[in-house]
1. What list of ³J(HN,Hα) couplings, whole Hz, do you get for the range 33-42 from phi and the Karplus terms 6.51, -1.76, 1.60, once you set θ to phi - 60° and write x for glycine and proline?
2. Under 10 Å from the Cβ of residue 90, count the other residues' Cβ atoms, weight Lys and Arg +1, Asp and Glu -1, and hand me the total.
3. Take the Cα pairs of the range 85-138, get the Kirkwood Rh, then feed it into Stokes-Einstein at 37 °C and 0.692 mPa s and tell me D in µm²/s.
4. On a full-extension model of 0.36 nm per residue, what is the gain between residue 12 and residue 57, subtracting their alpha-carbon distance, rounded to one decimal in nm?
5. Restricting to Cα pairs below 8 Å that are 6+ residues apart, what does the relative contact order work out to for the chain? Please round to a whole percent.
6. Taking 0.36 nm per intervening residue step and subtracting the Cα-Cα distance, what contour gain separates residue 194 from residue 45 on full extension?
7. With a point put 7 Å past each Cα toward its Cβ, work out how far residue 35 is from residue 149 in nm, to one decimal.
8. If we count every other residue with Cβ under 14 angstrom of residue 165's Cβ, Lys/Arg +1 and Asp/Glu -1, where does the sum land?
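The values are calculated or read from the model by the stated rules, or taken from the named source; none is laboratory data. These numbers were taken from a predicted model, which means no experiment stands behind them. Backbone-built Cβ (ideal geometry, glycine too); neighbour counts: all protein chains shown. Protein only, heavy atoms only, side chains kept; ligands, DNA and RNA dropped before computing areas. Shrake-Rupley method; radii C 1.70, N 1.55, O 1.52, S 1.80 Å.
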Amino acid sequence: EVTAVTDEVVVTITGHNSTVTYNGSEQSVNGYDVSIAPEGVSYTTADFSFNGTAEAKGTDAGTYPMGLKAEQFSNNNENFKKVTFVVNDGKLTINPVDEVVVTITGHNDTVPYDGDEHTVTGYDVSISNDLYKEGDFTFSGTASASGTNEGFYPMQLTVNDFRNTNGNFTNVAFVIVDGGLTINPVSDKVTVTIKENSATHTYDGTEKTVTGYTVTSISNPLYTCLLYTSPSPRD
């Protein structure tokens with residue numbers, strides 16, 4: 001007569017673990033290790049079955065457990081009456097990318113003064129890591145500069161206008177190169193023809209006076225008499 005082993009056999013299942021860095025693709029870890037006690041017992045991995053999936057996979061930063069459970073393992077050897085399965089679950093850990101530098105360069109434009117309002121808008125983006133995209137951050141400012149008169153009008157872009165929204169990247173640095181609009185003054189010569197006022201009086205023994213002038217022509221229509229003052233002519 002051959003009797004079954006009545007002493008307890010403990011089968012310890014330890015799922016594999018893996019730690020990787022986010023790379024934009026799905027990553028995985030699979031399999032488990034088996035430890036059987038007591039030492040020297042003739043129970044082997046061929047004596048039990050597993051009806052689960054020993055795999056953990058994911059794409060984004062985070063922790064993905066295998067989900068191994070004791071009830072997924074079954075003793076198939078009737079020679080061992082008491083088999084206990086102890087399960088240490090495995091997992092995949094995906095760490096976020098350490099650092100990304102996003103350079104924002106505002107657009108620039110230079111125009112000559114023509115009396116009209118001019119505007120420059122938009123910015124260019126340069127990113128140090130190909131995995132990080134423009135869709136991974138938000139912009140809350142106004143990438144625009146407008147002006148009419150001669151001078152420089154900055155966009156006034158700031159770091160605070162930009163915010164990272166992708167948890168796969170924990171350290172995103174925004175470097176700002178501000179843009180702006182430059183309106184240059186008219187470089188061509190402007191000729192203003194001014195005719196002095198005159199008057200004719202008949203002598204009456206009192207002092208006579210004439211003042212002022214009249215603008216008869218201006219070579220550039222953008223330049224007007226509103227840009228300077230003149231005394232009102234009077235007799």
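1. Listing the rounded values in order: 9, 10, 10, 10, 10, x, 4, x, 5, 7 Hz.
2. That works out to -2.
3. In µm²/s, the coefficient rounds to 203.
4. 13.9 nm
5. 17 percent
6. So the chain would gain 42.7 nm between residue 194 and residue 45.
7. According to this spin-label approximation, the distance is 8.2 nm.
8. With Lys, Arg at +1 and Asp, Glu at -1, the net is -2.
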